[in-house]
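Below is one structure, written out as structure tokens, with a few remarks after it.
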Amino acid sequence: MHDVLPHDHGDPVNIHHLELFYHVAKHGGISEAVRRMPYGIQQPAVSGQILRLEDDLEVRLFQRRPFTLTPAGRELLEFIEPFFSKIEATRTRLRGEVAQQLRLAAPSAILRDHLPKLLEQHRSAFPKLRMSLHDANQATAEALLRKQDVDLAITELEGRPSAGIQCCELLKLRLHLLAPQRHRIRSASDLWKQDEIGDPLICMPSIEAITKLFRQGLQQISVNWPTSVEVSSLDLIPSYVRAGFGIGVSVAVPGERPPPKIRQLPLPNFPPLVIAALWQGKLPPVAHAFLEKIKAHAREVMQTAATR
């Protein structure tokens, strides 16, 4: 066997020179390779780089006229062909996978309750859809976008997005209180009339967007109402309200019915919870198509709510 690749002596073999030799060997000569290679390169350049490859390897790889591979050339071709022959197919496959990869960030409640059906519909347009889903609030989502770890974020908007982040508002959800159906209170204004609110408050942690908005609204009307029961999820609030632990803070999702045995008390003058889409730069087609689907869904939800 010929030792056609240097190991511990000389400079490393130039991978581009090996690629040129592969095309020359595959197409049966330098002039034919130049005509059929997937990128443009002049014949003198190919000839010069093949000579450099032969100098590096210290062997003759083929006879020029008529074109014939030498034993060393056949051995080298056998060695490199499995790699170079699969490059185009691998590139096509990888591009196809990337073209149908959706990297998405959203809070867990949105990922769990609102996106599965839309993602299922999206998969009908992209049958090989692969998804990467991240639980994230606005700050985390923006960090993921800047690092290019996600393409698109659907999140609660807590403030103006940072520079370079594009934003599209999707929904404005009004805050409301949840009280047991048998409760004597019939509106939130009945609570504000009290010198001191006696009902315990069930609320999410202070770092959550909905709680920040609720506290802003209380501050505007000069009401102090400390949290008595802190829960980690909006889903838990109706259960604890029904169980008699107090009055809860939630949001009114258009089209959704009130939880059973619960009365909703609107908070019309409180700031709404804004749901927005965030992205950076030009969206990949699969992410752009999903953004358009999200926008259409949001419009449909608002139109349905307006007709009720």
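The values are calculated or read from the model by the stated rules, or taken from the named source; none is laboratory data. What you are looking at is a predicted structure, and each value in this text was computed from that prediction instead of being measured. All Cβ positions, glycine included, derive from the backbone under ideal geometry; neighbour counts span all protein chains shown.
Data overview
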| read-out | value |
| --- | --- |
| Residue within the stretch 211-233 that is touching a residue at least 40 places away in the same chain (Cβ under 8 Å), surrounded by 13 or more Cβ atoms within 10 Å (Cβ to Cβ) and over 27 Å from M302 (Cα atoms) present | no |
| Residue pairs meeting the criteria (Cβ under 8 Å; at least 6 apart or on separate chains; first assigned by TED's automatic domain parsing to the domain that holds E81 and of a type in the set (D, E), in the stretch 15-27; second in a helix (DSSP H, G or I) and surrounded by 17 or more Cβ atoms within 10 Å (Cβ to Cβ)) | E19/F84 |
| Positions within the stretch 228-254 being in a loop (DSSP other than H, G, I, E, B) and either hydroxyl-bearing (S, T, Y) or within 17 Å of L175 (Cβ to Cβ) (or both), in sequence order | V231, S232, S233, L234, D235, G246, V253, P254 |
| Whichever residue in the stretch 188-227 is of a type in the set (G, A, S) and part of a helix (DSSP H, G or I) and, among such residues, is nearest to T140 (Cα to Cα) | A209 |
| Qualifying residue in the stretch 178-201 (condition: within 33 Å of the chain's Cα centre (by Cα) and crowded, with 17+ Cβ neighbours inside 10 Å) | no |
| Residue list for the stretch 98-132, filter: at pLDDT below 95, aliphatic (A, V, I, L, M) and assigned to a strand (DSSP E or B) | L102, M131 |
| When residues of the stretch 234-263 are limited to those that are within 22 Å of E156 (Cα to Cα) and surrounded by fewer than 14 Cβ atoms within 10 Å (Cβ to Cβ), the one modelled with the lowest pLDDT | G255 |
| All positions within the stretch 181-209 that are without any contact (Cβ under 8 Å) to a residue 24 or more places away in the chain and among the β-branched types (V, I, T) | I207 |
| Positions within the stretch 133-166 being over 18 Å from P284 (Cβ atoms) and assigned to a strand (DSSP E or B), in sequence order | D135, T155, E156 |
| Failed item, numbered, when E81 is tested on (1) surrounded by 11 or more Cβ atoms within 10 Å (Cβ to Cβ); (2) outside any helix (DSSP H, G or I) | (2) |
